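Report on the structure given below.
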Amino acid sequence: MDIQQANNLKSRSRTAFDAQAPTYDTGMEGEHARKLYPHVAREVAHAAADSPAPRILDLGCGTGALAERVLCDVPGGKLTGIDLSPRMVETARKHLDSRAEMLLGDAEHLPFRDGSFDVVYCNDSFHHYPDPARAAFQIWRVLAAGGTLVIGDVWQPAPGRAIMNAWMPHSSEGDVRIYSESEMREILGMWFDAVTWRHVGTNACIVVARKER
């Protein structure tokens, strides 16, 4: 994908999620993401269990609703969120006040030093990234050795996935691709040492990847 195509997709995402920010926590737009909240929060809490003050990054933080849940489940956690949508970041800042730092930014160009976080989670956002391999590297880079990535995302069996992926280029939300289990393992396996994948319901998945080195 060339730079112009990638920027067009990001612009669509930014415009769509700016518009959705006021209703994302209650409307249909955020329903799929909300169903994944308990699954992602549970994996994050498990990954952070051995640290008294884990550094956590919410990649594609949206309104901050999931971040609030994570902070409740991980006492002592220091959470930073980042999102491409200015309106989502504004909403998250109001939602969380001083409990977390919410930043405007791009998952493919993370503005953090190497090894800045112990856990990174990404909920219903990974399928929007024009360059998922670059995003995976950026996540790996900002994780400390021994750190964990948790992804919650959309999934479909092969026939439905083929139909959806043919439609994706026309999506007004800047969707890029629904990944199969093997594709997700291949993307993350370029950097991460251990990747697990499982279904959640009929149209979602949870992926957990460890950075051992």
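Let me spell out the model: positive unit charges on the Cβ of Lys and Arg, negative unit charges on the Cβ of Asp and Glu, origin at the Cα centre of region 1-122. What dipole size does that give, in debye rounded to 20?
180 debye
For the chain, which whole percent of the accessible surface, found with a 1.4 angstrom probe, sits on carbon and sulfur atoms?
53 percent
How long is the gain from His170 to Ala133 if the chain were fully straight, where each residue apart is worth 0.36 nm and the alpha carbon distance is subtracted?
11.1 nm
Hey, what's the Cα Rg ratio for region 77-165 versus the globular rule of thumb, 2.2 N^0.38 Å?
With N residues counted in region 77-165, Rg over 2.2 N^0.38 Å equals 1.20.
With +1 on the Cβ of every Lys and Arg and -1 on the Cβ of every Asp and Glu, and nothing else charged, how large is the dipole of the chain about its Cα centre, in debye rounded to the nearest 20?
The calculated dipole for the chain is roughly 180 debye.
What residues from region 160-195 fall in the zone where the backbone N is under 18 Å from a label point 7 Å along the Cα-to-C-beta line of Asn7?
174
Out of Gly147, Ala6, Leu96, whose Cα points farthest toward the positive end of the dipole of the chain (charges: +1 Lys, Arg; -1 Asp, Glu; placed on Cβ)?
Looking along the dipole axis, the top candidate is Gly147.
Can you spot the lysines whose alpha carbon is less than 30 Å from Lys211's alpha carbon? Ignore those fewer than 8 places along the same chain.
List returned: Lys10, Lys35, Lys78.
Normalized C-alpha radius of gyration of region 128-185, against 2.2 N^0.38 Å?
Scaled against compact globular proteins, the figure is 1.29.
Could you give the length gained on full extension between Ala158 and Arg213, defined as 0.36 nm per residue of separation minus the Cα-Cα distance, in nm?
16.4 nm
Determine the principal axes of the Cα atoms in the chain, then give the extent along each, sorted from largest to smallest and rounded to whole angstroms.
For the chain, the Cα extents along the three principal axes come out at 45, 37, 34 Å.
Given a 1.4 Å probe, how much area per residue of region 31-169 is accessible, in Å²?
42 Å²
The values are calculated or read from the model by the stated rules, or taken from the named source; none is laboratory data. All figures in this text were calculated on a predicted structure; none of them were measured in a lab. Note: ideal-geometry Cβ built from the backbone for every residue, glycine included; neighbour counts use all protein chains shown. Each accessible area value is taken on the protein alone, full model and side chains, heavy atoms only, with ligands, DNA and RNA left out. Shrake-Rupley method; radii C 1.70, N 1.55, O 1.52, S 1.80 Å.
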